[in-house]
Amino acid sequence: MSEGPRQIRLRGRLVNGLYTEAMLLADEARGYFEHQGREDRTLLDPLTRVALSCESLKVTTRLMHVLAWLLTERAIELGQMSDEEAAASSRRLGEAMPSDADAVAGLPQAAIALIDASQDLYARVRRLEIDAPVEASATSPALSLLDRLERAF
C-alpha cells in the first residue's frame with residue numbers, strides 16, 4: 001500500500017524536524033570537540049583522552065549517517081529520487097557503533113550530553129527507517145485527532 005497525502009505530509013514534517021535537530025546537534029558537537037573538548041582533553045588522563053577521541057568519532061559518524069539518511073528522505077519527498085533509488089543499501093541508514101557506558105562515564109559532562117543526544121537521535125531515526133509508515137485507515141485515532149486540530153485552527 002502506498003502512503004496517503006496526509007501520511008506523506010506528516011512524514012515530511014517529521015523528517016524536516018529531525019534534519020533541523022541533526023544539523024543543530026552536528027554544529028554543537030563540532031563546536032565542542034574543536035574548542036571546549038580540546039581544553040577538557042588536557043585535564044584527562046591518557047586513557048580517558050583516547051576514549052574522548054573515540055567517542056567524538058562515534059558522535060560524528062552517527063550524525064553523518066543520520067544526516068545522509070534524512071537527506072535521502074527529503075530527496076524522495078521532493079521527487080528528486082525514486083523509491084527504487086532510495087531502496088539501495090548505500091542509501092539506508094548506516095551502522096553506527098554504540099558507545100560504551102563505562103568509557104563514557106569518565107568523560108566531561110558536555111561530551112556525555114552530546115554522546116547521549118547523538119545516540120538518542122540515531123535510535124529515533126533508526127525506528128523511523130524500520131517502522132516506515134504505511135497508509136492508515138480513515139478511522140485512525142491519531143489522524144482523526146489531527147483532522148480535528150487542523151479544522152479548529
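The values are calculated or read from the model by the stated rules, or taken from the named source; none is laboratory data. For clarity, every value in this text was computed on a predicted model and none was experimentally measured. Because the Cβ atoms are built from the backbone with ideal geometry, glycine has one as well, and the counts that use them run over all protein chains shown.
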Checking the structure you have, find out if any residue of the stretch 3-11 is over 18 Å from the mean Cα position of the chain (by Cα), surrounded by 15 or more Cβ atoms within 10 Å (Cβ to Cβ), in a loop (DSSP other than H, G, I, E, B) and in contact (Cβ under 8 Å) with a residue 60 or more places away in the chain. yes
Report, by residue number, each residue of the stretch 96-106 that is surrounded by 10 or more Cβ atoms within 10 Å (Cβ to Cβ) and of a type outside the set (A, V, I, L, M). P98, S99, D100, G106
Could you go through the stretch 37-53 and let me know if any residue there is within 16 Å of Q109 (Cβ to Cβ), hydroxyl-bearing (S, T, Y) and crowded, with 18+ Cβ neighbours inside 10 Å. no
Flag if R62 is free of Cβ contacts under 8 Å to residues at least 40 places away in the same chain, over 11 Å from A111 (Cβ atoms) and of a type in the set (K, R): no
Please list, ordered by residue number, the helices (runs of 4 or more DSSP H) wholly in the stretch 30-109 having 3 or more residues that are modelled with pLDDT of 95 or more. 46-77
